[in-house]
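Take a look at the structure below.
We did not get these values from a lab; they are worked out from the coordinates using the rules stated. Because the structure is a prediction, the values reported are computed rather than measured. Don't worry about glycine lacking a Cβ; one is built from the backbone with ideal geometry, like all the others, and counts go over all protein chains shown.
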Amino acid sequence: MPTSVTAVLILVLFVMPGFLTSRVVGLAYLRKELTEGYLALEAIALSCLNYGLTSWLIVTFWLKHWYTNPLYFAEVAFLVLFIVPVAIGVVTIWISDSAFLQQIRSRFGLTNPVPTGWDHFFRHSGSCWVVATLKSGELIAGLYGPNSAASSYPADEDIYIEKLCRLSPSGEMEELISTSKGAIINMENVQVIEFYDLASGVAHV
């Protein structure tokens, strides 16, 4: 831990901007626990990227003596240390999710930053019908909608569906159960889980 004002200043200037960028990207692309050394190096590298992108502003700040004005100093410091690092993280997520970059990854065999197929599906799926076949052979069906949720890596895979469907004797979905508050399905108990488009006509509600 920092033991002096200088050490704290170095930490704020060369670690915090990169740490913010890393945390923003980490909200979209979850990773395994990394070592403190790796996280520190990553934060420093991202901070360098931040200062590279804002170098024109820093040079202007110095040449025009904006540091003599407390208001200008505070505004530029807040922009460089907080706003730009967060913006870098948001843009990184946007670029990583773009169709163009997905094509580049496919062409060159690059690893998808989304860790599992489970996370990839729920990242892009939207609302859909869910049919889960348990290992016991029992079927559970329902609506995965805006009030539903699915776990993310590295947590165990489970899904909350907000409404259950009534099933016919042959296993077809007939209608949503009006009194249903949904169900949580743990994938440890599931043999296969299927997803269908809401407009597919699989369920008649």
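What the table below lists for this structure:
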read-out: Extension gain from T60 to E75, taking 0.36 nm per residue of separation minus the Cα-Cα distance; value: 4.1 nm
read-out: In nm, spacing of pseudo-spin labels at S180 and R31 (7 Å Cα→C-beta vector); value: 3.9
read-out: Relative packing of peptides 45-51, 174-180 - highest average C-beta neighbours within 10 Å first; value: 45-51, 174-180
read-out: With Cα atoms, 0 to 90° folded angle of helix 16-28 axis to the chain main axis; value: 10
read-out: Net charge dipole size for the chain [Lys, Arg +1 and Asp, Glu -1 on Cβ; Debye, nearest 20]; value: 720
read-out: Segment L139-L167, length gained on full extension (0.36 nm per residue, minus Cα span); value: 9.2 nm
read-out: Anchor K163: aspartates and glutamates whose Cα lies under 18 Å away (excluding residues fewer than 8 positions away in-chain); value: E138, E172, E174, E175, E194, D197
read-out: Rounded if a/c under 1.5, otherwise prolate or oblate - the range 5-100, Cα gyration tensor axes; value: oblate
read-out: Per DSSP, loop trypsin sites (Lys or Arg not before Pro) in the range 115-199 with at most 10 further Cβ within 10 Å; value: K135, K181
read-out: Solution diffusion estimate, µm²/s, Stokes-Einstein, the chain, Kirkwood Rh from C-alpha pairs, 4 °C, viscosity 1.567 mPa s; value: 62
